[in-house]
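See below for the structure under consideration.
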């Protein structure tokens, strides 16, 4: 089955919406089914761009090296080109990965909170902080949908409902308001995660970028020292995994900041 796909509708101006699936491993054979559903959804204004990637070596999006790989650099290029206000990253998971993705202490092990199940095995959460902090403004809506691999009709129907909300909304607030009418408990949990991000990881990253411009960083040790100082002085509530992700996000920022980049890639 052909999984490589790109399609867009709408013109310049208005809300930029971007959906990308199959960004690592063999996930594209499942996410293409969601992309095909999305193609038939109309948008009242703005842009609706859809991409599905061909198979590639599996590398976690929580690993900074992913964004230096062929697939990762292609993803970044598409984000840079579209500058989305709303970004949906589609993944699929096997049943034995469900607990790993949703467990309450996921942040302790992977630096990110557990995904939240909406219904029919469809999970939702934020994209990797490695790109959330670099390529998106704070109030953009970059998020992940994890669907079961080889999704059921019910799971695809749930995805369709979510994407129809995305298509008819122009910002984060509208999306969460509409989703909250259907999934109130889950949206409250996602909103709590966002609040934690806005109070800790995001301001820490902004401060690190600011101080880096004023500091002669000559080595990774210098960067590590700077990050440690920022987290300690500002008393950010970040665990060791998240502190390591701050380093990864900064290195990605440095790698791509010499190019024409997205909204928050410039200091």
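In the elastic network of the chain, a GNM with C-alpha springs shorter than 10 Å, the most mobile of 45, 199, 214 is 214. Taking the DSSP bridge list for the stretch 5-183 and keeping only pairs wholly inside it, about 40 percent are antiparallel.
Treating the angle as unsigned and between 0 and 90°, give the value, to the nearest 10°, between the Cα long axis of helix 240-256 and the longest Cα principal axis of the chain. The answer is roughly 80 degrees. Shape class of the stretch 110-267 from the alpha-carbon gyration tensor: prolate, with a/c at 1.5 or above and a/b greater than b/c.
Look at the Cα gyration tensor of the chain: its axes a ≥ b ≥ c give a/c of at least 1.5 with a/b over b/c, and that counts as prolate. I'd like the distance between the alpha-carbon centres of the stretch 6-64 and the stretch 90-168, rounded to an integer number of Å. Centre-to-centre distance over Cα atoms comes out at 14 Å.
Between rounded, prolate and oblate, where does the stretch 52-172 land on the alpha carbon gyration tensor, with a ≥ b ≥ c its root eigenvalues, rounded for a/c under 1.5, else prolate if a/b exceeds b/c?
Values: a/c = 1.37, a/b = 1.11, b/c = 1.24.
Since a/c stays below 1.5, the shape of the stretch 52-172 is classed as rounded.
Calculated mean residue ellipticity, 222 nm, the chain: -15000 deg cm²/dmol, from DSSP H runs (n ≥ 4) at -39500 (n - 2.57) each, averaged per residue and rounded to 500. In degrees from 0 to 90, rounded to the nearest 10, what is the angle of the helix 201-213 Cα long axis to the longest principal axis of the chain? Tilt relative to the chain: about 50 degrees. Computed from Cα atoms, the angle from the helix 28-39 axis to the main principal axis of the chain rounds to 70 degrees.
Taking only C-alpha pairs under 8 Å that are 6+ residues apart, what is the relative contact order of the chain in percent?
On the way: 439 pairs, mean separation 53.7, N = 267.
Across the chain, relative contact order equals 20 percent.
For the chain, modelled as a GNM whose springs connect Cα atoms under 10 angstrom apart, the maximal fluctuation among 71, 212, 155 occurs at 212.
Read the figures in this text as sums done on the coordinates, not as results from a lab. Because the structure is a prediction, the values reported are computed rather than measured.
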